[in-house]
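The values are calculated or read from the model by the stated rules, or taken from the named source; none is laboratory data. From a predicted model like this one, the values you see are computed outputs, not experimental measurements. Here the Cβ is made from the backbone with ideal geometry for all residues, glycine too, and neighbour counts use every protein chain on show.
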Amino acid sequence: MYHLYMAPTGNGRRPAVMLEECGLPYTVHKVDLAKGEQKTPEFLAMNPQGSIPVLVEEQGGKKTALAQSGAILLHLAEKTGKFLPKDSAQRAEALRWMMTALTDAAPASTAIFLSSGPLPDKTPGNSQFFEGRFVNLMKVFDQQLAKNPYLAGSEATVADIALIPIVAGRQELLDKTPGLDHLKKWAATMKARPGTAKGLSA
Ligand SMILES: N[C@@H](CCC(=O)N[C@@H](CS)C(=O)NCC(=O)O)C(=O)O
């Protein structure tokens with residue numbers, strides 16, 4: 001049995017999509033970030049970084065907590081044998097695009113969020129700058145998706161599960177951006193998958 005501590009953000013929903021797609025049973029525990037619930041002693045005992053998501057795994061009376069959405073995806077992929085190709089070259093490709101989503105696209109999306117609110121010195125130029133950076137990255141994913149229906153080939157992998165919450169969270173920006181047809185088609189395909197749809201609504 002799994003317990004997912006999350007908030008309705010891209011990072012929080014990523015493991016929910018993976019759990020759904022793998023068909024694993026789990027309970028969602030919503031963490032109110034605005035109230036600082038991620039900084040309570042109970043939460044910090046699970047993740048000293050004080051951030052969501054955290055996946056708690058209960059097995060044989062033992063509980064283990066795992067933070068970082070990317071680590072959660074890989075852990076579940078290894079456990080279930082799903083969404084991580086066995087072939088070494090395909091596996092490398094899946095990991096490459098998963099990391100581009102997690103280490104490049106996710107922070108670029110976070111920068112848009114920060115410049116629209118929490119950043120102390122805001123100017124409209126900042127938001128435009130960060131939106132431009134995000135769209136440029138999306139063009140790279142779009143080029144890759146021109147070659148194959150999914151990021152690492154003909155099947156969905158951890159790469160697609162890593163990226164979809166980011167793209168879904170920036171729907172408004174992407175809708176007003178011309179082009180990106182392959183990325184938009186891929187997003188529609190991903191969102192039509194029942195597991196992904198359920199995970200994205202967590
Ligand atoms: N790289 C981390 C990012 C986690 C993260 O930034 N979580 C945010 C919400 S999306 C959070 O908990 N922020 C609250 C805080 O840091 O106090 C992951 O992918 O899990």
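Worth a mention:
- Within region 1-47, tally of residues that are aliphatic (A, V, I, L, M) and either part of a helix (DSSP H, G or I) or under 20 Å from ALA105 (Cα atoms) (or both): 9
- So PHE113, is it within 16 Å of the ligand (Cβ to nearest atom), within 16 Å of the chain's Cα centre (by Cα) and farther than 19 Å from MET190 by Cβ: yes
- For region 58-81, taking the residues that are outside any loop (DSSP other than H, G, I, E, B) and away from the ligand (no atom under 16 Å from the Cβ), the one that is surrounded by the fewest Cβ atoms within 10 Å (Cβ to Cβ) is identified as LYS62.
- Matching residues, region 48-57, being assigned to a loop (DSSP other than H, G, I, E, B), out of contact with any Gly (no Cβ under 6 Å at 6 or more places or on another chain) and near the ligand (Cβ under 9 Å from one of its atoms): GLN49, GLY50, SER51
- Of the residues making up region 11-42, those that are more than 8 Å from the ligand (Cβ to nearest atom), touching a Phe, Trp or Tyr at 6+ places or on another chain (Cβ under 7 Å) and under 24 Å from PHE113 (Cα atoms) number 2.
- Which listed residue is within 16 Å of the ligand (Cβ to nearest atom), under 27 Å from GLU172 (Cβ atoms) and without any contact (Cβ under 8 Å) to a residue 60 or more places away in the chain, from PRO124, PRO107: PRO107
- Selection within region 154-173 - surrounded by fewer than 17 Cβ atoms within 10 Å (Cβ to Cβ) and among the aliphatic types (A, V, I, L, M): LEU173
- Yes/no for THR177 being out of contact with any Gly (no Cβ under 6 Å at 6 or more places or on another chain), in a loop (DSSP other than H, G, I, E, B) and surrounded by 14 or more Cβ atoms within 10 Å (Cβ to Cβ): yes
- Condition met for PRO149 (at pLDDT 95 or above and touching an Asp or Glu at 6+ places or on another chain (Cβ under 9 Å)): yes
Residue-wise test of (1) in contact (Cβ under 8 Å) with a residue 24 or more places away in the chain; (2) in contact with a Leu (Cβ under 7 Å, 6 or more places away or on another chain); (3) within 22 Å of GLY23 (Cα to Cα).
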{"residue": "PRO53", "(1), (2), (3)": "yes, yes, yes"}
{"residue": "LEU66", "(1), (2), (3)": "no, yes, yes"}
{"residue": "ALA77", "(1), (2), (3)": "yes, yes, yes"}
{"residue": "PRO85", "(1), (2), (3)": "yes, no, yes"}
{"residue": "ARG91", "(1), (2), (3)": "no, yes, yes"}
{"residue": "ARG96", "(1), (2), (3)": "yes, no, no"}
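- Tally, over region 117-146, of residues that are among the polar types (S, T, N, Q) and either at pLDDT below 95 or not in a helix (DSSP H, G or I) (or both): 4
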